[in-house]
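First up is the structure itself, then whatever we jot down about it.
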Amino acid sequence: MKMNGSGLVLRLLLLLCISDLLIPMSQAIWLSIPSSGTKCVSEEIQNNVVVLADYVVIPDDHTHSSPTISIKVTSPYGNNLHHKENVTHGQFAFTTSEAGNYLACFWVDGHNQGGGDVSVNLDWKTGIGAKDWESVARKEKIEGVELELRKLEGAVEAIHENLLYLKSREAEMRMVSEKTNARVAWYSIMSLGVCIAVSALQLWHLKRFFQKKKLI
């Protein structure tokens, strides 16, 4: 079957759109941070995934200087990955070494003249969404359809890795469920045995009581 160049491009664009729907590679989040308190966002990420994020404070008006915030990013096991104080913008990047929920927390410093909530724009990218495709194109001297094919290849690999991760999580949850069901079954059997033993003991006690009273 023959296909012209425009048809191939359309198919590539369609596949890229499908991969974008299957994998949330980039998330732009608008946060409203209270003047007293902390606002956190989290994402469950598997192991060995590149994470890149930019954050910037959005001033409500231009009459005052931009308020400053603090940010702390931690891994699922509580390791500190990024920590900044008294900033209006910044960036953090890391490669995950643990699978689980990665947490980014923001709070307002004491330099907020307005005293109200502070708006922060967070651009969170993971996996192939965090990859610098312009650098890849310059380094490997590729462009056009070939570059789109490389992006599609990365998307397919990311989908495959994500499916493997979900499969492993499903196996872990199934094992936990089976162990829980086994423990519940043993607990039910033990409870039933205790109830039978108590009932038998009560009958024996009542029988002796009536025998002593010479009622039977």
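The values are calculated or read from the model by the stated rules, or taken from the named source; none is laboratory data. Predicted model, so just to flag it, every value in this text is computed and none were measured. Note that each Cβ is placed from the backbone with ideal geometry, even for glycine, and that neighbours are counted across all protein chains shown. Calculation scope for accessible area: heavy atoms of the full protein, side chains included, ligands and nucleic acids excluded. Shrake-Rupley method; radii C 1.70, N 1.55, O 1.52, S 1.80 Å.
Structure values in brief
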| item | result |
| --- | --- |
| Heavy-atom accessible area order for 204, 30, largest first, 1.4 Å probe | 30, 204 |
| Label-to-label distance, nm, for residues given as residue 91 and residue 178 (7 Å Cα→Cβ offset) | 4.7 nm |
| 5 angstrom amide H check on residue 81, placed H, neighbours 5+ away | 73, 74, 75 |
| Computed lengthening from residue 70 to residue 200, 0.36 nm per intervening residue step minus Cα-Cα distance | 40.1 nm |
| Estimated inter-spin distance, residue 29 and residue 161, nm [label 7 Å along Cα→Cβ] | 2.1 nm |
| Accessible surface of residue 150 - all protein chains present, 1.4 Å probe, nearest 10 Å² | 70 Å² |
| Accessible area, probe 1.4 Å, largest first, for residues 66, 36 | 36, 66 |
| By accessible area with a 1.4 Å probe, ligands and nucleic acids excluded, highest first: order of 109, 60 | 60, 109 |
